[in-house]
1. Residues to consider are B:Ala286, B:Ala274; find the one that is buried (at least 17 other Cβ atoms within 10 Å of the Cβ) and in contact with a strand residue (DSSP E or B) (Cβ under 7 Å, 6 or more places away or on another chain).
2. Just to be sure before I move on: is A:Asn293 surrounded by fewer than 22 Cβ atoms within 10 Å (Cβ to Cβ), on the phi > 0 side of the Ramachandran plot, in contact with an Asp or Glu (Cβ under 7 Å, 6 or more places away or on another chain) and not hydroxyl-bearing (Ser, Thr, Tyr) in the structure I sent?
3. Of the numbered conditions (1) farther than 13 Å from B:Glu273 by Cα; (2) hydroxyl-bearing (Ser, Thr, Tyr); (3) surrounded by fewer than 20 Cβ atoms within 10 Å (Cβ to Cβ), B:Thr415 fails exactly one; give the number of that condition.
4. Which one of these is facing chain A (nearest Cβ under 7 Å), buried (at least 21 other Cβ atoms within 10 Å of the Cβ) and hydroxyl-bearing (Ser, Thr, Tyr): B:Thr95, B:Thr67?
5. In the set B:Leu447, B:Leu433, B:Leu425, B:Leu366, which member is in a helix (DSSP H, G or I), of a type in the set (A, V, I, L, M) and surrounded by 16 or more Cβ atoms within 10 Å (Cβ to Cβ)?
6. Is at least one residue of the stretch B:5-19 farther than 30 Å from A:Asn151 by Cα, away from every other protein chain (no Cβ under 11 Å) and in a helix (DSSP H, G or I)?
7. Among the helices (runs of 4 or more DSSP H) confined wholly to the stretch A:33-75, which include 3 or more residues that are closer than 27 Å to A:Asp207 by Cα and of a type in the set (S, T, N, Q)?
8. Output the residues belonging to the stretch B:540-553 that are more than 7 Å from chain A (Cβ to nearest Cβ), surrounded by fewer than 14 Cβ atoms within 10 Å (Cβ to Cβ) and not in a loop (DSSP other than H, G, I, E, B).
Amino acid sequence: MTYSFLQHYWWFIVSLLGAILVFLMFVQGANSMVRSLGWTPEGRRLVVNSTGRKWEFTFTTLVTFGGAFFASFPLFYSTSFGGAYWLWMIILFSFVLQAVSYEFQNKLGNILGPSTFQWFLVLNGILGPLLLGGAVATFFEGSNFVVEKSNILDATALTPVISHWGNASHGLDALLNPWVLVLGLAVMFLARTLGTLYIINNVDDEDIRSRASVRLVGCAVPFLLLFVAYLVHLLLKDGFAYDASGAIFIEPNKYLHNLLDQWPLLLLLLVGVVLVLWGIAVEVITTRSRFTNKGIWPAGIGTVVTVLVLLLLAGWNMTAYYPSTADLQMSLTIENSCSSEFTLRTMFWVSLLVPFVLAYIVYCWRKIDSRKLTHDEIAHDEAY
Amino acid sequence: MQNILLNIDAGTIDWSRAQFALTAIYHWLFVPLTLGLALIMGICETIYYKKLRAAESTQTVGFWKETSKFWQRLFGINFAMGVATGIILEFEFGTNWSNYSWLVGDIFGAPLAVEGIVAFFMESTFVAVMFFGWKKVSAGFHLASTWLTGIGATLSAWWILVANAWMQNPVGCEFNPDTMRNEMTSFADVALSSSAVDKFLHTVISAWIIGAVFVVAVSCWYLLKKRHTELAVKSIRIAVVVGIIAALGAAFTGHISGQDVAKTQPMKLAAMEALYNGGTDQGLTAIALVNPICQPDYANEESAPLKVEMPYFLSLMATNSIHGYVPGINDILNGYTRPDGTREPSADEKIARGKQAIAALQAYRLAKAEGASDSILTAQLSIFNENKDYFGYGYVTDKSQLVPPIGLNFWAFRTMVGVGCLLILFFGLVLMLAFKIPFFSVFTRRLLSAIGLMDEAHADVHGATRMPVWLYWAAIIMVPLAYIASESGWLVAELGRQPWTIQDMLPTWAAVSDLQAGSVALTFILFLGLFTAMLGIEISIMLKQIKKGPKES
């Protein structure tokens, strides 16, 4: 295994985790609609318990995504988190609120009442996908930062910091870029689309599933429009390439070239898009009275595949995955921001555990979802 | 070379330290109960499973099932807050300590990634089966899920403590002058260092104390109210055994950790002991008049005033010899001769060598950029390599910066050890009274009766229902005391490390992110408000759930 292989391998792992995270944000998507899907306290409790059996997967995937990024590309972790401080803090605050909301919302002694925590779930349901999608968009649009490692050698400085965000907004400036908002909103509507498909699959309440199938159209249409708009923009825009010496330069249609140069990714992208469309179509086309329940699986797998391809386009094929709009040469690539060969190689062996982890997750998921969630189960068994 | 002038005020450094301390202290309110209750609820469910397999009576099986579910319900209320406060810490290395994240991320990032892959997924997957899978999986699989939840949480503790131990004793790495960062050279050295093993055992065992004292306290409250007596009696019996083993284990592992600190962090030991001037035949300070919040004048005072010490004990515990040499704060600052005859340089010398290392690295990089000859590069690297062990000292401007807050360390350590000793006494007493242990139980009861602490009528019987009422109340009071001791341990660990984020390698002011003090102050206040509100709600829910009690089977 060469150092270059390990760098590409770890970008693949980080991209895969990111893709799985986007799929698992069906939890956020369904939560964002908890008050419109469940019209009664019992109905809302059913929706919350449905996502509540899966929320930890999303949360853990987010944490592991951060940890894997830190371990494999520490300069990104350092530059982005330390620089885009407010963007990441808002994301984290919303997830902190989500983590306690499930357990606290329906318990005796909850002095804020169930509604407060359900609103927290709605807040996380909107902000989480929107801002995470926006953060991913900065891989393609660029961010306002500079990095100068030799600053650490300035022992006379009060604090010899090596990375610096170009303005005082610390990450919020990304939201002023309309294309960042487009992708952020696309991810948000995708989360809601997957959320409705999940609820139709998971919940045994005809009224809730019926409302979910109505909202499916209301979420899928904006998602598709926004996603297609962003994809077209991406494939036609200039990108950030680097050469063998590490020098960064602007290349027109860089991401289109990445797709064509790596044609298996093009095939995967088509497969992913078709699966997402199939998952949506199979629920939309069937009549109201007969739900197939099956849309979540092709849509979910398609989401993972599509997002994986997009993230690979950002970092593979000599592309700077974290471009700097302040100084092009300070853009981050998988070569100049990664851990040492020793660390990447050590972590490679650890990553071989991932299939086992996925296997027990799938096994337990099937056990917990062996039956649809009913009001009876909420009323008589352990529930949030 | 681009040299960016960064206007970061000193306020950012202290606000960043305060924020990390706040989030870590809150996180550590919830994690020990998760780890400790996980063990006890695992034992309860194992008993249930054995009774089920042995086809015992429906009542017995039902009792143990409901007992397990009761403790799992309380576990669940607390678990959420542990998860919520934990995510902040994971990302806070990046948000507030970006220099740190780059300079040591090659080593530090790996344990965090392994923690996610191996531990968090195990915990989060099986906790869902534990909570919601009673009717969906077999009893055996459910039992396995309960244990795997606890094992996942414990594995998570392992990896984060590996990371923290590496901050205290950075091993298995080398500084790379070309990439300008520290790089891992041995994963085994990092993951299995003596510091990591000591810290893991001590921390997890201390968490079992929290779980045990919590269960005993809740059970004693039920006995006071004469409710759920059977659950209380049987839970006390399980928890007190866990508690006494854990309390004794914490004392033993604490001693081993202390010896590790004596070798790897002598300044921390000196601060904990308020040992201004060391030497051989050093006594262990039981108590002294040390101001908890003001730095004493260690340079001019011989020792802390009104010092009461146990002769020779510090030398014995630190070095296994009553004549062992233990350096004091002034010895470390002024330099001293180690027992093996080698010389520990003075702080001034370390600072000078650190500056030489930084200058040599700067010269090396400039020379390399200008295409200088190999001989010049080798010469600069040679100077750097001779002095690189003191690289971090190059950022120090005054040797007083090298002394951690003595008062806080001193009192936090004594609080931890004092309450730890009290816990051994407490669990020992409850053990004698809750069980019928030949000779000891009767002796304890008769003794308590003789000194008026126990009703004579209870002197010849055994069982938790026959404990004196004051002991039930003591059990409840032990809960906040145990938490204070637990947090005090972390204060010693992290305050004693100051000013280093990585011991001897990277001081705090070279580790922060480029942020305005106001931004960090704002997030500090938001976290304080949010976590305090959530803590209040958790306590309210927990008390209501305890008051509600288990469902009668």
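The values are calculated or read from the model by the stated rules, or taken from the named source; none is laboratory data. Quick caveat, the model's predicted, so the values are computed rather than measured. Neighbour counts are summed over all protein chains in view; Cβ atoms, including those assigned to glycine, are modelled from backbone coordinates with ideal geometry.
1. Only one candidate qualifies: B:Ala274.
2. Details: surrounded by fewer than 22 Cβ atoms within 10 Å (Cβ to Cβ): yes; on the phi > 0 side of the Ramachandran plot: yes; in contact with an Asp or Glu (Cβ under 7 Å, 6 or more places away or on another chain): no; not hydroxyl-bearing (Ser, Thr, Tyr): yes.
When the stated conditions are applied, A:Asn293 does not pass them.
3. (1)
4. Only one candidate passes the filter, namely B:Thr95.
5. Working: B:Leu447 fails: surrounded by 16 or more Cβ atoms within 10 Å (Cβ to Cβ); B:Leu425 fails: surrounded by 16 or more Cβ atoms within 10 Å (Cβ to Cβ); B:Leu366 fails: surrounded by 16 or more Cβ atoms within 10 Å (Cβ to Cβ).
On inspection, the qualifying residue turns out to be B:Leu433.
6. Looking for residues that are farther than 30 Å from A:Asn151 by Cα, away from every other protein chain (no Cβ under 11 Å) and in a helix (DSSP H, G or I), one finds none in the stretch B:5-19, hence no.
7. Counting at least 3 such residues, we get A:41-52.
8. Within the stretch B:540-553, just B:Lys547 meets the criteria.
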